Every structure is written in structure tokens, then in C-alpha cells.
Ligand SMILES: [Fe+2]
Ligand SMILES: [Fe+2]
């Protein structure tokens, strides 16, 4: 029998972390949308929330392919849930105690933290998809193909919003919507270029 080039138990662990990340992401987006003041940002996050709900279904499908219960608890999943709950509480804390424009920056920061994990999950899944074979390999490739670009937007565009809103908070000229959004950034290199170009966009 051919041995796979990855650890199946660890792949299952990753997929269950992904389930928890997408479930937590929904809650974080709902709180972030409530804290959003900028209408473009609110619209952006509403779109990301819809995509996150779809990612939940994609990951549920992967659980079914792997024969996993999507609600199964694991130690790593508990960590993901813990961090997600902390991010949610951070947004709520800022909304209670800080001026609305500050709460909006905090929400943007928390979205970036959440999306950093989400993006990393899908990137790791993509690495397994490259080497996995058979029906499972195809399911992983299809899921990755469907979601990857959306996760690039979630992370790179949210980073741009956080940076520009924080700069605006410091009383300095900001590019809103951020350059990453205007330039429709889809890669880490593109995000870096967009950030470098911000001064020309002021
Ligand atoms: Fe996602
Ligand atoms: Fe995401």
C-alpha cells in the first residue's frame, strides 16, 4: 500500500481547527459589522461574512469526506475557540468603553488577527492538497481552489483597513478605502506594493 506524504491525523486536526475558525469568524464579523462606522468597510465585512458562512459549508463537506464529526472537540480546536472568544470580547469591550471610531479600529485589528489564522489554515490545507491523492486529494484541491482567493482578500484587504483607520486615528492623512482594496490585491507581494504606493494615493 502506498503511504501518503502527509500525516492523516494531523490533516484531520487541521480541518477541525478550520471548522472552529470559520464558526468563530462568523461571530467576529457580526460584532465587527456592528462596530463599523465607515460604510465601505461595513459593506466589505458584510461580504466577508457571507463568504465565511460559505466556508463553513465547504469545511463541513471536507469533514464528511474525511469521516469526521464537524462538532468533534479537540485540544487544538479548544485553543482556536479560546482565541476567537477573546477577539470577540475585545471588540465588545472597545464598543462599551471607547469612542466609536476607536472601537472601529479595534474591530479591524481583531478581524486581521482572526483572518491571519483563517488564511494560514487554508494555506496549510493547500500544501496537503498538492500531495494528497485520490478522492480525498481531489476534494482538498477543489475546496482550496474555491476558497483561497477569498481568504487572500479577507487578510490583505483587512490589513489595509486596519492600517489606514489607525493612521486616520493618529490625525494623519489616510487612504480610504485602503490601497489594497482599490488595487484589488490578491497576493502578499501585491499587498506590499499597495502599501508602498499609499503615499501617492493620498
Ligand atoms: Fe474563511
Ligand atoms: Fe477569512
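Each of 201, 18 was scored by other Cβ atoms within 10 Å of its Cβ. Arranged with the fewest first, they read 201, 18. Relative to the longest principal axis of the Cα atoms of the chain, helix 100-131 runs at roughly 30 degrees.
By the helix-only formula, in which each DSSP H run with n ≥ 4 contributes -39500 (n - 2.57) and the sum is divided by residues, the chain has a 222 nm mean residue ellipticity of -28000 deg cm²/dmol. Note that the chain shows a convex hull volume over its alpha carbon atoms of 108 Å³ per residue. The length gained by stretching the chain between residue 42 and residue 71 to full extension, at 0.36 nm per residue less their Cα-Cα distance, is 7.4 nm. Projected label points at residue 3 and residue 26, each 7 Å from Cα along the beta carbon direction, are separated by 4.0 nanometres.
Among 82, 119, 55, the order by Cβ neighbours within 10 angstrom, fewest to most, reads 82, 119, 55. How far is helix 39-66 tilted, in degrees, relative to the longest principal axis of the Cα atoms in the chain, given as a value from 0 to 90 rounded to the nearest 10? Once rounded, the angle reads 10 degrees. Taking other Cβ atoms within 10 Å as a rough exposure proxy, 154, 113, 54 sort from fewest to most as 54, 113, 154. One decimal place: the segment residue 102-residue 130 gains 5.9 nm when fully extended, by the rule 0.36 nm per residue minus the C-alpha distance. Modelled spin-label separation between residue 81 and residue 146, with each label point placed 7 Å from Cα along the Cα-to-Cβ direction: 2.5 nm. In plain terms, the chain from residue 197 to residue 64 could stretch by 43.4 nm, reckoned as 0.36 nm per residue minus the Cα-Cα distance. Comparing 182, 128, 15 in a Gaussian network model of the chain (Cα springs below 10 Å), the most mobile by mean-square fluctuation is 182. Between the Cα long axis of helix 8-35 and the first principal axis of the chain there is an angle of about 20°, rounded to the nearest 10.
Rule-based calculations on the coordinates, nothing more; no lab input. None of these values were measured; they are calculated from a predicted model. Quick reminder, even Gly has a Cβ in these numbers, built from the backbone with ideal geometry, and neighbours come from all protein chains shown.
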